[in-house]
């Protein structure tokens with residue numbers, strides 16, 4: 001499989017390492033140093049693109065991939081306020097897209113555990129739920145995309161919580177998310193249910209970027225040759 005890497009920072013390099021180990025070929029590497037190469041003719045040399053950049057550039061990057069009819073796996077977070085426009089552009093161009101707030105297989109299993117636990121806890125209002133997340137200082141968005149996914153899963157089940165907030169809150173209708181930025185933490189997410197009697201916690205801690213990178217390559221393998229919009233649940237068969 002021929003892969004275009006859009007974003008060649010630490011994550012891009014980790015994806016490259018795993019992709020090459022699996023026998024794939026990196027035919028294009030794009031970052032701020034070579035914007036002149038971000039053109040349709042060069043994108044079409046690839047079978048699939050993997051995009052890890054920033055909230056400010058991700059949407060334009062996706063549009064360019066759709067126009068080039070290049071399937072794209074997007075791992076950039078912080079841009080979902082524009083999701084409807086991106087979805088429409090993908091479908092209008094008969095494009096192909098996988099977006100995930102986190103490509104780690106472990107995190108996607110954690111999403112399933114979180115949904116199930118929230119469903120169970122919805123019947124026990126004596127427990128108050130809150131969240132914490134820790135990432136490295138280079139992460140540009142807070143809370144993380146993964147934390148937002150977890151929070152939205154909880155809000156779907158715990159009806160007493162009406163919205164999430166990214167600060168300490170005494171408002172019982174708000175789901176509190178506390179974000180910390182500490183080097184060199186790749187990512188920790190904790191969900192805590194507290195009562196006067198006991199606490200229940202689930203935690204996912206990433207040790208390095210390999211889980212994220214490996215999942216992104218797996219998603220690219222799944223998406224190549226397909227049309228439409230998919231999720232990691234499709235990739236992993238949940």
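Read-outs throughout are calculated quantities, based only on the coordinates presented, and are distinct from any laboratory measurement. Everything numeric in this text was worked out from a predicted model, so none of it was measured. Here Cβ is always computed from backbone atoms with ideal geometry, including for glycine, and neighbour counts include all displayed protein chains.
Under the simplified labelling scheme, the residue 198-residue 54 pair shows an inter-label distance of 4.7 nm, with each label point 7 Å from Cα along Cα→Cβ. Extending 7 Å from Cα along the Cβ direction at residue 170 and again at residue 13 yields two label points whose distance is 4.7 nm. Its relative contact order, with pairs defined as Cα atoms under 8 Å and 6+ residues apart, puts the chain at 22 percent. Spatially, the range 214-228 and the range 108-132 are offset by 29 Å when compared through their Cα centroids. Length gained on full extension, residue 116 to residue 208, computed as 0.36 nm times the residue gap minus the Cα-Cα distance: 30.5 nm. Result for the chain in a Gaussian network model with C-alpha springs under 10 Å: among 77, 137, 53, the largest mean-square fluctuation is at 137. Of the DSSP beta bridges with both residues in the chain, give the percent that are antiparallel, rounding to the nearest 5. Of all bridge pairs located within the chain, approximately 35 percent are antiparallel.
Normalised by the number of residues in the range 105-205, the mean separation of alpha-carbon contacts (under 8 Å, six or more apart) gives a relative contact order of 35 percent. Once the Cα atoms are used to define both axes, helix 83-92 deviates from the longest principal axis of the chain by about 30 degrees.
When the helices of the chain are scored as -39500 (n - 2.57) per DSSP H run of n ≥ 4 and the total is divided over every residue, the value at 222 nm lands at -10500 deg cm²/dmol. Take the Cα of residue 188, go 7 Å toward its beta carbon, and the backbone nitrogen atoms of the range 164-181 under 17 Å from that spot belong to 177-181. Here each label is just a point 7 Å from Cα along the line to Cβ, and for residue 159 and residue 233 those points are 2.1 nm apart. Report the paramagnetic label zone for residue 140: residues of the range 77-120 whose backbone N is under 13 Å from a point 7 Å from Cα along the Cα-to-Cβ axis. Within reach of a label on residue 140, which here means backbone N under 13 Å from a point 7 Å along Cα→Cβ, the range 77-120 contributes 77-80.
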